[in-house]
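Below: the structure, in structure tokens.
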Amino acid sequence: MPFKTRITELLEIEHPIVQGGMQSVGVAELASAVSEAGGLGILTGLTQPTPQALREEIERCRSMTTKPFGVNLTVFPTINSPDYKAYAQAIIDGGVKIVETAGTPAVREIWEMLKPHGIAILHKCTAVRHALSAERAGCDVISIDGFECAGHPGEDDIPGLILIPAAADKVKIPMLASGGFGDGRGLVAALALGADGINMGTRFCATQEASIHPNVKQAYIENDERGTYLIFRNFKNTARVGKSEVSTEVARRLANPDATFKDVQELVAGTAGRELLETGDLSKGVFWAGMVQGLIHDIPTCQELIDRIVDEAQAIVDGRLQDMLRATAPAIAA
Ligand SMILES: Cc1cc2nc3c(=O)[nH]c(=O)nc-3n(C[C@H](O)[C@H](O)[C@H](O)COP(=O)(O)O)c2cc1C
């Protein structure tokens, strides 16, 4: 019996498992495979070089799955920002009905464009206060990203075990737990902590359908739960990346309290990261990764992964937990 939650109802998916937006990884092969397996696959909007390319990627994804999928739009306005509104228009034109957003409050202008088209907004944030303000501003689902996560965990350093129930106590709309999830134990825990489903990034990178070089997938297997660095803390833009010779060097340079972004710029450049993912040459740059690497030991298909997570979660609920409830208390020795 599949888990039915507010997330499966709202997003019209079989399992409460979402693949978070991932720069350079969230393309049609992965998103369609996750959706076909009963989760929600998400294309990463800004991975496409132009809004027109995103329109075409949406069409390509639609040709690969008849099931719902979403698009991520991560909004960090800078002087060289992409034209976010043009990307949002491509999503609207593409008829996509679910959008995952992340980034600064500037993202709300994008929501105003999307919402009149009946698009459900999943907003990812890393603090209860941000979740509440996003809820007040009208988003439909909160994805709450704990300290364990790959990418940007924020500056509060609150792990999921506290952040998820703290958010669940206050957030009224459906909520995804994100950061550190990779197996059925995590799914049961997230549901027990008050979430309606899980969002996973790193775990989906180590699947057959993720269009990244096998060497990078192998790095996710070889790194354990200690195999990440937090970088950019100096700039209040903390990012969690996988451990490698390059990220070790980045962390070493940033340990200098006077370090500036220029000191690491060439090592962390987005172009270098893309080259790393394509060529598998880990000396080219840094790659995003979460602590969940400690739970990644293989490279299944998305179908195998999602089936395994759901089966394991059901076995925990129907087996281990029920057995504990039914067990008679051990006799106390006289
Ligand atoms: C390779 C990679 C790229 C990512 N790129 C983005 C991105 O562009 N936008 C975004 O909102 N989150 C991004 N994330 C974060 C994920 O969507 C998700 O929130 C996070 O991976 C969850 O933590 P986990 O890796 O422990 O599952 C990325 C994560 C990874 C692993």
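Here r is the Cβ-Cβ distance between Ile79 and Lys172 and R0 is 41 Å; the resulting FRET efficiency, rounded to 0.05, is 0.65. Each 5 Å bin from zero up to the one holding the largest Cα-Cα distance in the range 49-197 carries the following percent of pairs: 2, 9, 19, 19, 19, 16, 11, 5, 0. Taking the centroid of alpha carbons for each part, the range 202-226 and the range 46-66 are 24 Å apart. Placing R0 at 51 angstrom, the Cβ-Cβ distance between Glu245 and Ala327 gives a FRET efficiency of 0.55 after rounding to 0.05. Longest stretch of the chain clear of exposed loop sites (GluC sites (Glu not before Pro), DSSP loop, at most 16 other Cβ atoms within 10 Å, sites excluded): 13-154. Applying Stokes-Einstein at 4 °C and 1.567 mPa s to the Kirkwood radius of the chain, computed over alpha-carbon pairs, gives a translational diffusion coefficient of 64 µm² s⁻¹.
Extension gain for the segment Ser211 to Ala269, taken as residue separation times 0.36 nm less the Cα-Cα distance, is 18.9 nm to one decimal.
Per-residue Karplus couplings for the range 192-200, computed as 6.51 cos²θ - 1.76 cosθ + 1.60 with θ equal to phi - 60°, are listed in order as 5, 7, x, 7, 9, x, 10, 10, 10 Hz, Gly and Pro entered as x. For the chain, modelled as a GNM whose springs connect Cα atoms under 10 angstrom apart, the maximal fluctuation among Thr47, Thr202, Thr271 occurs at Thr271. Taking amide H positions as modeled 1.01 Å from N, with prolines and chain starts lacking one, the residues under 5 Å from Ser24 and 5 or more places away or on another chain are Thr47.
Compared with the alpha-carbon gap, the fully stretched path from Thr279 to Ala192 is longer by 27.3 nm at 0.36 nm per residue.
Counted over all Cα-Cα pairs of the range 179-314, pairs farther apart than 24 Å make up 35 percent.
Taking amide H atoms as placed 1.01 Å from N in the peptide plane, the amide H of Gly146 lies under 5 Å from those of Ser178, Gly179, each 5 or more residues away in sequence or on another chain. GNM, the chain, Cα, under 10 Å: largest mean-square fluctuation among Ile121, Ile162, Ile142? Highest fluctuation of the listed residues: Ile162. Amide H contacts under 5 Å for Val18: Leu40, Ile198, Asn199, Met200, restricted to partners 5 or more places along the chain or on a different chain, H placed in the peptide plane at 1.01 Å from N. With 0.36 nm allotted per residue and the present C-alpha distance subtracted, the Arg252-Arg185 stretch has 20.6 nm of extension available.
Value of Rg to Rh for the range 10-49, rounded to two decimals, is 1.00; Kirkwood radius and Rg both from alpha-carbon coordinates.
Considering only Lys236, Lys172, Lys85, the mean-square fluctuation computed in a Gaussian network model of the chain, springs between alpha carbons under 10 angstrom, is largest for Lys236. According to the Cα-based calculation, Rg over Rh for the range 17-113 is 0.95, with Rh computed by the Kirkwood formula.
Note that the range 160-167 has calculated 3J(HN,Hα) couplings of x, 4, 9, 5, 5, x, 4, 6 Hz, one per residue in order, obtained from phi through the Karplus relation 6.51 cos²θ - 1.76 cosθ + 1.60 (θ = phi - 60°); glycine and proline are x.
For the range 214-279, the equivalent ellipsoid derived from the Cα gyration tensor has semi-axes of 21, 14, 9 Å, listed largest first. Annotation: the antiparallel percentage among DSSP beta bridges lying fully within the chain is about 20.
Quick note: the coordinates plus some simple rules give every number you see, no bench work behind them. These numbers come from a predicted model, not from an experiment. Cβ sites come from the backbone with ideal geometry, for glycine too, and all protein chains shown count toward neighbours.
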